[in-house]
Amino acid sequence: MSTDNKDTASKKVRILGVCGGIGSGKSKACELLVSELGCVAHIEADSIAHKVYQPGSQTIKDVVERFGTDILQTGKPKGEEEIDRKKLGAIVFSDPDAMATLERIVWPHVRTKILARIEEIKQEQQNESKGNNNDDNHQQPATIVLESAVLLDAEWEDLLDGIWLVRVPHTVAIQRLVQYRNFSEEDAQKRIEAQQTRRGIGNADEEVEKGVVTAIIENTGEVEELQKSLQENLHSAKSWK
């Protein structure tokens, strides 16, 4: 069985994708899903994306093949090359086509590591089930949460049993970025606007209508309200494929 497909043999584990723009609170939502609502694991795609840039990795080789050796840090021995993120950033953040090229190179490597981590968690759950000797067919499926702003652009929806968008008005997102992450209002506005081309962020209603996004979580209130909304959607068949 290919690891690039959902494991139908262990259907008691389901994968929930959580996306949303900067300042939307998607990370807080994922934290609550695991710490308060019984989801078994939280996979952060951003963290995995950093790991694919390990020295000497295939990702680095592929990126250098496209963007040249000038983006490498100096003084590193062969086989231990590292990307100079400032140099690469100067190229891709000023050129949307270059950014799209970089994403096409990196996202497949991230996907591979996400799949490997999912399989690890599934195996852990199967081992726990055997240890508990519990064959309760009515038990809530174990849920793995995958967090990424680029779930849909990266075309990872085939891995997921549900896709939830965490959403707030731009004014609320700006306020949060200024208050909690030390952004200036201008920088916050620029970051939010830059994400409007992302699938599921700038075209949320369209993705809901197509059935791709299975639930929208409005996160404009207190943490308690967010947790209540998440809990309701966890138990609603309408929020899953």
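Since every read-out is calculated from the coordinates, none of them should be taken as a lab result. The model shown is predicted, which means the values in this text are computed figures rather than measured ones. Cβ sites come from the backbone with ideal geometry, for glycine too, and all protein chains shown count toward neighbours.
Lys and Arg at +1, Asp and Glu at -1: add these up for the other residues within a Cβ distance under 12 Å of residue 101 and post the number.
-3
Given the Cα-Cα distance of residue 130 and residue 193 and 0.36 nm per residue of separation, how much length would full extension add, in nm?
Stretched out fully, the residue 130 to residue 193 stretch lengthens by 17.8 nm.
Sort 174-180, 162-168 for me by packing, meaning the mean count of neighbouring Cβ atoms within 10 Å per residue, highest on top.
Packing proxy ranking, top to bottom: 162-168, 174-180.
Once Rh is set to the Kirkwood radius over Cα pairs, what Stokes-Einstein translational diffusion coefficient, in µm²/s, holds for the range 39-158 at a temperature of 25 °C and a viscosity of 0.890 mPa s?
This corresponds to a translational diffusion coefficient of 148 µm²/s.
What is the range 8-239's relative contact order, in percent, from Cα pairs under 8 angstrom and six or more apart in sequence?
Reported relative contact order: 34 percent.
Of the DSSP beta bridges with both residues in the chain, give the percent that are antiparallel, rounding to the nearest 5.
In the chain, approximately 5 percent of DSSP beta bridges are antiparallel ones.
Using modelled backbone amide H atoms (1.01 Å from N, in-plane), which distant-in-sequence or interchain residues come within less than 5 Å of residue 81's amide H?
Amide H to amide H, under 5 Å and 5 or more residues apart or across chains, residue 81 pairs with 56.
So between residue 87 and residue 115, what do we pick up on full extension, going 0.36 nm a residue minus the alpha carbon distance?
7.1 nm
Using the Karplus curve 6.51 cos²θ - 1.76 cosθ + 1.60 with θ = phi - 60°, what ³J(HN,Hα) values do you get for each residue of the range 185-194, in whole Hz, with x for Gly and Pro?
Result, rounded to whole Hz: 4, 5, 5, 4, 4, 5, 5, 5, 5, 5.
Students often get this wrong, so try it: which of (1) 19.2, 75; (2) 17.3, 58; (3) 19.4, 59 is Rg and Dmax of the Cα atoms in Å as calculated from the structure shown?
Given (1) 19.2, 75; (2) 17.3, 58; (3) 19.4, 59, the calculated one carries the label (3).
Fewest to most neighbouring Cβ within 10 Å: what's the order for 214, 112, 171?
171, 112, 214
Rounding to the nearest 20 debye, state how big the charge dipole of the range 8-239 is about its Cα centre with +1 on each Lys and Arg Cβ and -1 on each Asp and Glu Cβ.
420
Counting other Cβ atoms within 10 Å of each Cβ, which GluC sites (Glu not before Pro) in the range 201-241 have at most 12 and sit in a DSSP loop?
Within the range 201-241, the qualifying GluC sites (Glu not before Pro) (loop, at most 12 other Cβ atoms within 10 Å) are 222.
Give me the dipole magnitude in Debye, nearest 20, for the range 79-165 about the Cα centre, with unit charges on the beta carbon: positive for Lys and Arg, negative for Asp and Glu.
My answer is approximately 160 debye.
Go through the range 161-175 residue by residue and turn each phi into a ³J(HN,Hα) via Karplus (6.51, -1.76, 1.60, θ = phi - 60°); whole Hz please, and just put x for glycine and proline.
8, x, 10, 10, 9, 8, 9, 9, x, 4, 4, 5, 4, 4, 4
Using a Debye calculation, one point per C-alpha and no hydration shell, please list log10 I(q)/I(0) for the range 105-214 at q = 0.09, 0.16, 0.24 Å⁻¹ in order.
Taken in order of the listed q values, log10 I(q)/I(0) reads -0.37, -0.91, -1.27.
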